[in-house]
Amino acid sequence: MTALLDVRDIRKLYALAGQGGSGNPLLRWVRTRLTSAVDHTPVLHAVDGVSFSIDGGESLGLVGESGCGKSTLVGMLARLSDPTSGDILFAGQNIGTVPSKQFHARPERTDIQIVFQDPHESLNPRFTAFDTIAEPLRGLQGITDAAELRRKVEEVAVQVDLPLQLLSRFPHQMSGGQKARVNIGRAVAVSPKLLILDEPTSALDVSVQAVILKLLVRLKQELGMSYLFVSHDLNVVRLLCDRVIVMYLGQIVESGTAEEIFTRPQHPYTRALISAIPNTGPGAVERVRLSGDPKSPIDPDPNACRFHGRCPKGEDLCARAAPPKVMVNATHYAVCHFAEGTAQDSGAEND
Amino acid sequence: MDKRIPVLRVEDLDVEFRTRSGIVRALQNVSFEVHRGEMVGIVGESGSGKSVSAMTAMGILDPAGQVTKGAITLGGLDVLNASESTLQEMRGREVSMIFQSPRTALNPIRTVGKQIADVLRRHGSATRQTAREMAIKALMSVRIPDPERRHDAYPFELSGGMCQRIMIAMALSCRPELLIADEPTTGLDVTTQAAIMDLIKELAVERNMATVLITHDLAMAADYCDRIVVMHAGHVIESAPTAELFAAPKHPYTAKLMKATPRGEGSLDDIDSIAGSLPDLRTELPPCRFSARCERHEDICDTPPLAAQELSPGHFVTCRRPL
């Protein structure tokens with residue numbers, strides 16, 4: 001069985017002009033010819049060599065702190081921005097090479113949908129719930145017949161448990177939970193194969209969070225979608241996801257089934273994330289606290305672990321060699337010098 | 001009941017907002033106390049009156065809001081009848097507040113060191129000569145690495161967690177008796193969130209300070225608070241020591257709230273949402289504002305007056321039919 005989405009060694013690098021190098025090629029040429037300055041443009045590594053796959057019907061959790069490249073990655077998968085290098089295979093087709101400006105004409109445009117963060121902000125305030133849900137049906141499926149459009153929108157509303165009389169309302173006339181339903185309805189209206197959920201519950205009150213999560217689980221079964229679930233809330237990830245990947249400064253540091261990540265985390269960063277969850281019930285885990293801020297993603301040292309400096313375990317080795325990918329078992333790996341398992345030689349060679 | 005004199009005592013507080021679409025009864029009969037060295041969590045959904053209670057206690061209620069009943073005593077001072085100049089003296093020196101989203105709360109065009117020095121010069125003993133030194137000390141106390149250099153940084157040069165540390169340094173620079181933290185970790189990363197809460201707790205214990213933590217996250221309140229006050233639609237519906245509240249919640253809403261919070265263990269079937277939403281506070285409401293959402297509702301619930309009853313020492317519940 002081929003994976004629905006297969007991402008291979010994807011990178012997004014941003015060249016920063018202004019310091020050292022200039023964006024203008026002519027200026028740069030003049031400068032290198034007339035002075036002895038080394039031509040070096042600093043490069044921000046937003047996403048740096050990420051590979052993973054999602055099977056049909058699977059839900060994958062993506063966790064990591066802000067600035068680790070989650071949103072850049074999501075933007076590339078939804079083809080809103082172009083990767084610098086790497087492949088995005090969606091149902092066997094390489095969509096990574098299609099320029100983002102031309103992607104809207106591809107059939108895959110319908111198959112990948114996003115539910116954006118914070119329904120209060122992401123809904124168009126001048127669109128009624130009906131308009132919002134009808135928009136992708138008109139634009140992507142080309143439904144123009146008014147009666148058919150209404151029938152389709154009502155069908156979606158029923159699917160997401162949105163009372164039909166609310167369809168004529170504007171976002172400011174609806175509650176948080178209702179807006180979340182509209183937001184989800186818009187995304188599932190065109191029956192996508194992959195749904196990317198960017199923090200779908202973080203802006204909601206606890207009292208409605210559970211019902212939205214249950215709705216997502218039900219929709220996934222009914223429509224046979226795969227989920228990429230981006231979230232800060234690890235408790236929610238644990239409830240919803242089959243597998244989890246953990247990102248740190250543009251790279252995946254650990255990947256495994258939800259059970260493995262939460263009960264037997266190998267990477268110190270994953271451990272810190274899990275022990276930061278408030279009140280994990282009886283038998284609370286040992287507290288791992290991180291100090292300081294992440295390193296800069298601009299020109300990271302290729303021969304050091306990016307977590308070095310914040311890592312409670314950090315040793316000399318971590319500053320001298322990039323950690324290898326250590327396979328704990330067939331489904332679980334961690335990128336750390338100290339993970340238990342068999343090392344795969346994918347990182348830089350140890351000296 | 002506790003015999004000590006509380007740092008903050010709120011008694012039978014009613015607050016109304018006069019708006020164009022009617023009078024919003026934002027708080028009704030709100031009472032709670034905070035003692036020295038204690039961390040009290042105020043928990044509830046958005047719109048339940050958590051922040052309004054705190055703002056009223058600091059005397060910074062929006063002009064549209066009016067206190068119609070009740071009393072607030074803060075360190076012996078009658079807040080509701082005090083003059084604005086007395087309140088200004090009190091704020092910053094005896095009571096401080098940490099707001100959510102530190103980036104917007106800080107002045108973007110002033111270095112953080114100067115902003116701390118402002119507080120120290122207004123309320124503390126700092127002079128122009130000693131201000132810098134004292135501000136650096138304040139930065140050190142919130143474990144900011146390299147405080148000499150950070151003193152001259154602007155907020156945009158610092159991360160969200162670092163900005164929140166600056167806010168804490170500012171709030172605590174004059175050693176207040178009471179700290180009110182209004183959702184101090186919203187918008188921060190999980191790891192930073194834990195570090196900030198650890199810091200607040202540590203400083204509170206170190207200084208034997210009274211702390212009010214306003215949050216919608218029951219799990220976080222459980223982790224850090226000694227006592228929890230649960231609010232719903234402008235009412236305090238239950239207050240109890242943390243361990244007791246979690247072992248045996250008495251109000252149906254508290255029990256539901258716990259059931260709705262995802263925990264580490266268990267499956268999706270174990271969590272349950274709360275039906276309905278907060279009632280419209282502009283309309284005439286039954287004595288129990290939760291009655292429309294409550295499964296245990298019976299006719300007796302609609303007969304006023306509804307008062308808090310003490311079920312066991314320190315455990316209050318405002319319900320006719322407690323669990």
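Results, tabulated for the structure shown:
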| item | result |
| --- | --- |
| Per-region count, the range A:216-225, residues hydrophobic (A, V, I, L, M, F, W, C) and away from chain B (no Cβ under 14 Å) | 2 |
| Members of the range B:239-292 that are surrounded by fewer than 22 Cβ atoms within 10 Å (Cβ to Cβ), under 18 Å from A:Ser207 (Cβ atoms), at pLDDT 85 or above and of a type in the set (Ser, Thr, Tyr) | B:Ser291 |
| Residues located in the range A:110-138, provided they are assigned to a helix (DSSP H, G or I) and modelled with pLDDT of 90 or more | A:Thr110, A:Asp111, A:Ala129, A:Phe130, A:Asp131, A:Thr132, A:Ile133, A:Ala134, A:Glu135, A:Pro136, A:Leu137, A:Arg138 |
| Residue satisfying all of: in the range A:292-339; among the aromatic types (Phe, Trp, Tyr) and not in a strand (DSSP E or B); surrounded by the fewest Cβ atoms within 10 Å (Cβ to Cβ) among these | A:Phe338 |
| Filtered residues of the range A:252-261 (kept if farther than 23 Å from B:Thr261 by Cβ and either among the aromatic types (Phe, Trp, Tyr) or buried (at least 22 other Cβ atoms within 10 Å of the Cβ) (or both)) | A:Ile252, A:Val253, A:Glu254, A:Ser255, A:Gly256 |
| Residues being under 15 Å from the mean Cα position of the chain (by Cα) and more than 26 Å from A:Phe307 (Cα to Cα) - total across the range A:215-239 | 2 |
| Residue that is nearest to A:Leu162 (Cα to Cα) [pool: residues in the range A:174-200 that are more than 14 Å from chain B (Cβ to nearest Cβ) and in a loop (DSSP other than H, G, I, E, B)] | A:Ala189 |
| Candidates A:Leu239, A:Leu213, A:Leu228, filtered to the one that is surrounded by 22 or more Cβ atoms within 10 Å (Cβ to Cβ) and either within 13 Å of chain B (Cβ to nearest Cβ) or modelled with pLDDT under 90 (or both) | A:Leu239 |
| Any hit, the range B:90-111, residues being without any contact (Cβ under 8 Å) to a residue 40 or more places away in the chain and under 27 Å from B:Arg9 (Cβ atoms) | yes |
| Residue selected from the range A:135-149 under the condition in contact (Cβ under 8 Å) with a residue 40 or more places away in the chain and within 25 Å of A:Gln173 (Cβ to Cβ), by the criterion surrounded by the most Cβ atoms within 10 Å (Cβ to Cβ) | A:Pro136 |
| One residue from A:Val188, A:Val211 being over 21 Å from B:Leu257 (Cα atoms) and either in the same structural domain as A:Gln113 (by TED's automatic domain parsing) or touching a residue at least 60 places away in the same chain (Cβ under 8 Å) (or both) | A:Val188 |
| Residue satisfying condition, being within 14 Å of chain A (Cβ to nearest Cβ) and under 30 Å from A:Ser202 (Cβ atoms), within set B:Pro108, B:Pro145 | B:Pro145 |
| Residue within the range A:267-281 that is of a type in the set (A, V, I, L, M) and more than 13 Å from every other protein chain (Cβ to nearest Cβ) present | no |
| Sole exception among (1) closer than 30 Å to B:Gly124 by Cβ; (2) without any contact (Cβ under 8 Å) to a residue 24 or more places away in the chain for B:Gly276, by number | (1) |
| Cβ pairs under 7 Å, 6+ apart, first in the range A:150-161 and on the phi < 0 side of the Ramachandran plot, second in a helix (DSSP H, G or I) and surrounded by fewer than 13 Cβ atoms within 10 Å (Cβ to Cβ) | A:Glu154/A:Leu164; A:Ala157/A:Leu164 |
| Qualifying position, being within 14 Å of chain A (Cβ to nearest Cβ), of a type in the set (A, V, I, L, M) and touching a Ser or Thr at 6+ places or on another chain (Cβ under 7 Å), among B:Ala221, B:Ala195, B:Ala181 | B:Ala221 |
| Looking only at the range B:284-299, and only at residues there that are more than 18 Å from B:Glu45 (Cβ to Cβ) and over 25 Å from the mean Cα position of the chain (by Cα), the one that is farthest from the other protein chains (Cβ to nearest Cβ) | B:Asp299 |
| Yes/no for B:Cys163 being out of contact with any strand residue (DSSP E or B) (no Cβ under 6 Å at 6 or more places or on another chain), farther than 23 Å from B:Leu8 by Cα and in contact (Cβ under 8 Å) with a residue 40 or more places away in the chain | yes |
| Within the range B:293-311, considering residues that are of a type outside the set (A, V, I, L, M) and surrounded by 16 or more Cβ atoms within 10 Å (Cβ to Cβ), the one nearest to B:Arg20 (Cα to Cα) | B:Arg293 |
| Residue satisfying condition, being more than 26 Å from B:Gln115 (Cβ to Cβ) and either charged (D, E, K, R) or assigned to a helix (DSSP H, G or I) (or both), within set B:Glu16, B:Glu89 | B:Glu16 |
| Check on B:Asp272, closer than 29 Å to B:Ala153 by Cα and either within 9 Å of chain A (Cβ to nearest Cβ) or not in a helix (DSSP H, G or I) (or both) | no |
| Qualifying residue in the range B:35-56 (condition: without any contact (Cβ under 8 Å) to a residue 12 or more places away in the chain and surrounded by fewer than 16 Cβ atoms within 10 Å (Cβ to Cβ)) | no |
| Residue check for B:Val30: buried (at least 17 other Cβ atoms within 10 Å of the Cβ) and part of a strand (DSSP E or B) | yes |
| Single unsatisfied condition, B:Met197 versus (1) of a type in the set (A, V, I, L, M, F, W, C); (2) surrounded by 19 or more Cβ atoms within 10 Å (Cβ to Cβ); (3) outside the structural domain of B:Cys225 (by TED's automatic domain parsing) | (3) |
| Residue under evaluation A:Ala203, criteria (1) more than 14 Å from every other protein chain (Cβ to nearest Cβ); (2) surrounded by fewer than 21 Cβ atoms within 10 Å (Cβ to Cβ); (3) part of a loop (DSSP other than H, G, I, E, B), criterion not met | (1) |
| Extreme residue, modelled with the lowest pLDDT, among residues of the range A:244-285 that are assigned to a loop (DSSP other than H, G, I, E, B) and of a type in the set (A, V, I, L, M) | A:Ala284 |
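Quick grid of which residues meet (1) of a type in the set (D, E, K, R); (2) farther than 28 Å from A:Arg218 by Cβ:
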site	(1), (2)
A:Gly96	no, yes
A:Lys101	yes, yes
A:Arg106	yes, yes
A:Asp118	yes, no
A:Phe130	no, no
A:Leu149	no, no
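The values are calculated or read from the model by the stated rules, or taken from the named source; none is laboratory data. Here the structure is a predicted model, which means the values were calculated and not measured. All Cβ positions, even for glycine, are placed from backbone atoms using ideal geometry, and neighbour counts span all protein chains on display.
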